[in-house]
Amino acid sequence: MKTYRVIGLMSGSSMDGVDMALCRLEENDGKWTYEIEKAECVPYPPKWRLRLQSLVLQNAVTYLKTDTFYGHFLGEITRKFIQDNMLDGRVDFVASHGQTVFHQPENQMTSQIGDGAAICAETGYPVVCNFRTTDVALGGQGTPMAPIGDILLFPDFKFCLNLGGIANLSCKLDNKIIGFDICGANMVLNALAGEIDLEYDKDGSIARSGNVNFDLMNELNAQWYYEKPYPKSIGGGWVTKIFLPAFRKFRINVEDKLRTAVEHISMQIAKDVKNVYANEYLSREDSHSMLVTGGGAFNKFLLERINYHSPVPVVVPDPMTIKFKESLLTALMGALRYRGDANMLASVTGATADSCGGEVYLSTVHKMPTI
């Protein structure tokens, strides 16, 4: 049996903050188990949120400076997390997803900022980061990364749905796993809530009070991305530049916008689950269920509508797993990279081969554990 204690760092497309989790991962004869021992979300200071949101429009020098400074910021908050929880000497390494700025796999380009060398310098611990680039170089989408974790850590669920800034789905088949992005989720709902100066719609209560606008619904459903077969992926730029502008065409109240968005998201999820059943020749007679995690799993109304439309029942785990599953998966990606095992799957991303992605920065202070 091999044990790894890894701090996983995750910042998603919703940009609400950095999720940090100390994860204990154990591998025994090919079977993995986990425990999230400590976790917290560090909200972004306003200046950092603004800088990250506007970075896609900046020049190359600003991009490179932000990559470095953001790496030091991640290192500083990680060091504080270690100190506050008295973890010094009890961590093997840090695994960091970084913040996605550009994601254009059709141009063989993806970028997640947060310089690993800076994180390593600030913490004194080895760092594993930049997991997506090898897969994209092999012709893959570079996303979603979650399916490898869904196979190894959540084997009892046929489907796994993550409701983050973007909703993505994975499904385990007899000899492979598939996965893809579905649509914008929390990025959309939070942006609409922001129109009335709220960070988010708690429990979906504002959406629940609204009505579906069917003209807007038809506009949303007509997006070109929904006609693409999987494997496929979208980035935050698609949501902000292509999807969200559709809402601005309609002079309706925020309640109706949110209600329409919730219905749209839940229907797109159900449609894609049904597509997987049809494309992969799955039997509806089998007893399947769908694990739902990510911040959207706390949105009670959204879950109700997903459960209403979905052909399989949804299962919601404990709050710690809901909130920090992506940090856990980042930690697992780091452990697999260190071991030299595949952590990106061609059946998910469409790459020419499975790959072991990630850059490794070694520290002179703390050493990597022996395999």
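Looking at Gly179, Gly235, Gly194, which one is closer than 24 Å to Tyr44 by Cβ, within 16 Å of the chain's Cα centre (by Cα) and of a type outside the set (A, V, I, L, M)? Explain how you work it out, then say what you get.
Numbers: Gly179 fails: closer than 24 Å to Tyr44 by Cβ; Gly194 fails: within 16 Å of the chain's Cα centre (by Cα).
The match here is Gly235.
Which residues, taken from the stretch 200-224, are of a type outside the set (D, E, K, R) and assigned to a helix (DSSP H, G or I)?
Gly204, Ser205, Ile206, Ala207, Phe214, Leu216, Met217, Asn218, Leu220, Asn221, Trp224, listed by residue number.
Across the stretch 197-219, what is the number of residues that are under 22 Å from the mean Cα position of the chain (by Cα) and either among the aliphatic types (A, V, I, L, M) or surrounded by 12 or more Cβ atoms within 10 Å (Cβ to Cβ) (or both)?
Pass one, the stretch 197-219, residues under 22 Å from the mean Cα position of the chain (by Cα): 199-204.
With either among the aliphatic types (A, V, I, L, M) or surrounded by 12 or more Cβ atoms within 10 Å (Cβ to Cβ) (or both) added as a condition, the list becomes 200-204.
Summing the residues that are under 22 Å from the mean Cα position of the chain (by Cα) and either among the aliphatic types (A, V, I, L, M) or surrounded by 12 or more Cβ atoms within 10 Å (Cβ to Cβ) (or both) in the stretch 197-219 gives 5.
For the stretch 236-274, which positions are crowded, with 21+ Cβ neighbours inside 10 Å and either of a type in the set (Ser, Thr, Tyr) or in contact with a Pro (Cβ under 9 Å, 6 or more places away or on another chain) (or both)?
Within the stretch 236-274, Thr260, Ser266, Val273 qualify.
Looking for something of a type in the set (Phe, Trp, Tyr), under 24 Å from Gly340 (Cβ atoms), crowded, with 18+ Cβ neighbours inside 10 Å and touching a residue at least 40 places away in the same chain (Cβ under 8 Å) - is there at least one such residue anywhere in the stretch 34-54?
The answer is yes; a qualifying residue exists.
Can you tell me which residue is surrounded by the fewest Cβ atoms within 10 Å (Cβ to Cβ) among those in the stretch 312-360 that are of a type outside the set (A, V, I, L, M, F, W, C) and touching a Pro at 6+ places or on another chain (Cβ under 7 Å)?
Of the stretch 312-360, the ones of a type outside the set (A, V, I, L, M, F, W, C) are 313, 317-319, 321, 323, 325-327, 330, 334, 337-341, 343, 347, 349-350, 352, 354-355, 357-359.
Add one more test, that the residue is touching a Pro at 6+ places or on another chain (Cβ under 7 Å), and what stays is 349-350.
Values: Thr349: 30, Gly350: 19.
Across the stretch 312-360, the extreme among qualifying residues is Gly350.
Taking Ala118 as meeting all but one of (1) over 17 Å from Gln53 (Cα atoms); (2) not in a helix (DSSP H, G or I), write down the number of the exception.
Of (1) over 17 Å from Gln53 (Cα atoms); (2) not in a helix (DSSP H, G or I), only one is false for Ala118: (2).
Can you tell which of Val128, Val188 is buried (at least 24 other Cβ atoms within 10 Å of the Cβ), within 24 Å of Thr68 (Cα to Cα) and modelled with pLDDT of 95 or more?
On the way: Val188 fails: within 24 Å of Thr68 (Cα to Cα).
One residue alone meets the criteria, Val128.
The values are calculated or read from the model by the stated rules, or taken from the named source; none is laboratory data. For clarity, every value in this text was computed on a predicted model and none was experimentally measured. Positions of Cβ are generated from backbone atoms using ideal geometry, with glycine treated the same way; all protein chains shown enter the neighbour counts.
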